[in-house]
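Structure, as structure tokens:
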Amino acid sequence: MKRRGFLTAGLATLATPLLAQTNSWTAVLDTARSFDQCHAMMIRQSGQSVLTEVFRGPGLNRAVPIKSVSKTIVAALTGAALDRGELPSLGATLGEVAPRLIPANADPRVADITVENLVTMQTGLERTSGANYGGWVNSRNWVANALARPFVAEPGARMLYSTGSFHILGAVLSEVSGQSLLSLARARLGDPLGIEIPAWTRDPQGRYLGGNEMALTLDAMVRFGEMYRLDGRFNGAQVLSADWVRRSFEERTQSFFSGLGYGYGWFLGEGAGVEYALARGYGGQIICVAPAIELTLAITSDPLRPARSGGYFGDLQRLIEQQILPLAKSQIS
């Protein structure tokens, strides 16, 4: 497996003043505005605001559904648990760290699923997303239902996009910390980033859904991305270890649907010779980070309409790769 890593050394040499005036981004705004699903966009480069625009939908101060960008939040909380020693390693198995979550009717191999298998969605278990999502969330126990599904691949063999994997991971984080996923998110991300994290959907056992249904403001999304861009630091505080951020941006597997690489909660791509990491949610919710050109952006969209790789998400990907990254690169080189 190819390991893709962002080159962060020498970023200080790129910290030159922004040269572009606001109107240099007019074409980017025009393109984004032309997408009738796109609600708002915010871009920062070198810590400075480049643009903030609401095209339609809720105002800037309202927390909006980020859908599967929630998976990237749970991945960050996994790094926080590792930093605190609550998880011994990514190689730790369910049987070692959370045996109580494993249902009696599960395949014996479930106990050997690792934390890394969960955070990369390579458990090998049948997916709970797509056509299976409705039946899964209507089950009596979401964790047990996800873990009792049949193996359709060997653990670690390939990425099977599944919200169930992140819901199990969220339950593991609660088990090892003794706190709810909401409490962990607020204390370990919300407080240091200075953002509000509203309560969200819970399963029949009262566990907060891992991997979907969280809500953040556009600014909160950008702050989260900036923290990753800055090697886990924000406003002088080390929120996540630099090692976790580095490893999160290394390719571990690949998405069957988009062809993008995937690290620990982040999709990985390249445009205009610049590597970027992307958090992606249904409908076109996006956080994008390109450390080499000191860029962070967030996009919110209609959460009720699909955004497929061959449709609206593909449009957003082209906007990032063909317009935003080349322009941002020209401002800092």
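The values are calculated or read from the model by the stated rules, or taken from the named source; none is laboratory data. Given the structure is predicted, the values throughout are model-derived calculations rather than measurements. Note that we place each Cβ from the backbone using ideal geometry, even for glycine, and neighbour counts take in every protein chain shown.
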* Asked: Taking segment 5-54 on its own, how many of its residues are part of a loop (DSSP other than H, G, I, E, B) and at pLDDT below 95?
  -> 13
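Among Thr163, Thr123, Thr201, which is within 19 Å of Arg100 (Cα to Cα), at pLDDT 95 or above and under 19 Å from the mean Cα position of the chain (by Cα)?
On the way: Thr163 fails: within 19 Å of Arg100 (Cα to Cα); Thr201 fails: within 19 Å of Arg100 (Cα to Cα).
Exactly one of Thr163, Thr123, Thr201 is within 19 Å of Arg100 (Cα to Cα), at pLDDT 95 or above and under 19 Å from the mean Cα position of the chain (by Cα), namely Thr123.
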* Among (1) in a helix (DSSP H, G or I); (2) touching a Lys or Arg at 6+ places or on another chain (Cβ under 6 Å), the one test that Leu160 misses -> (1)
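Go through segment 234-292 and report how many residues are modelled with pLDDT under 95 and either under 24 Å from Leu82 (Cβ atoms) or of a type in the set (A, V, I, L, M, F, W, C) (or both).
The first filter runs over segment 234-292 and keeps only residues modelled with pLDDT under 95, leaving 256-259.
Next, only the ones that are either under 24 Å from Leu82 (Cβ atoms) or of a type in the set (A, V, I, L, M, F, W, C) (or both) stay: 256-257.
Here the count works out to 2.
Being without any contact (Cβ under 8 Å) to a residue 60 or more places away in the chain, in contact with a Ser or Thr (Cβ under 6 Å, 6 or more places away or on another chain) and on the phi < 0 side of the Ramachandran plot narrows it down to one residue among Gly91, Gly134; which is it? First the steps, then the outcome.
On the way: Gly134 fails: in contact with a Ser or Thr (Cβ under 6 Å, 6 or more places away or on another chain).
It is Gly91.
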* **Some residue of segment 311-320 being under 21 Å from Ser46 (Cβ atoms) and outside any loop (DSSP other than H, G, I, E, B)** => yes
* Please find, among Phe249, Phe257, the residue that is surrounded by fewer than 24 Cβ atoms within 10 Å (Cβ to Cβ) and within 14 Å of the chain's Cα centre (by Cα). => Phe249
* Asked: Looking only at segment 153-200, which residues are farther than 29 Å from Gly135 by Cβ, crowded, with 17+ Cβ neighbours inside 10 Å and in contact with a helix residue (DSSP H, G or I) (Cβ under 9 Å, 6 or more places away or on another chain)?
  -> Ser177, Arg188, Leu189, Gly190, Pro192, Leu193, Ile195
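Can you name every one of the strands (runs of 3 or more DSSP E) wholly within segment 171-289 that holds 1 or more residues which are under 23 Å from Leu325 (Cβ atoms), in contact with an Asp or Glu (Cβ under 8 Å, 6 or more places away or on another chain) and assigned by TED's automatic domain parsing to the domain that holds Ile324? Walk me through it before giving the result.
On the way: elements: 214-216, 267-271, 274-281.
Fully inside segment 171-289 and qualifying: 267-271, 274-281.
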* Give just the number: which of (1) closer than 20 Å to Asp30 by Cβ; (2) in contact (Cβ under 8 Å) with a residue 24 or more places away in the chain does Gly314 not satisfy? => (2)
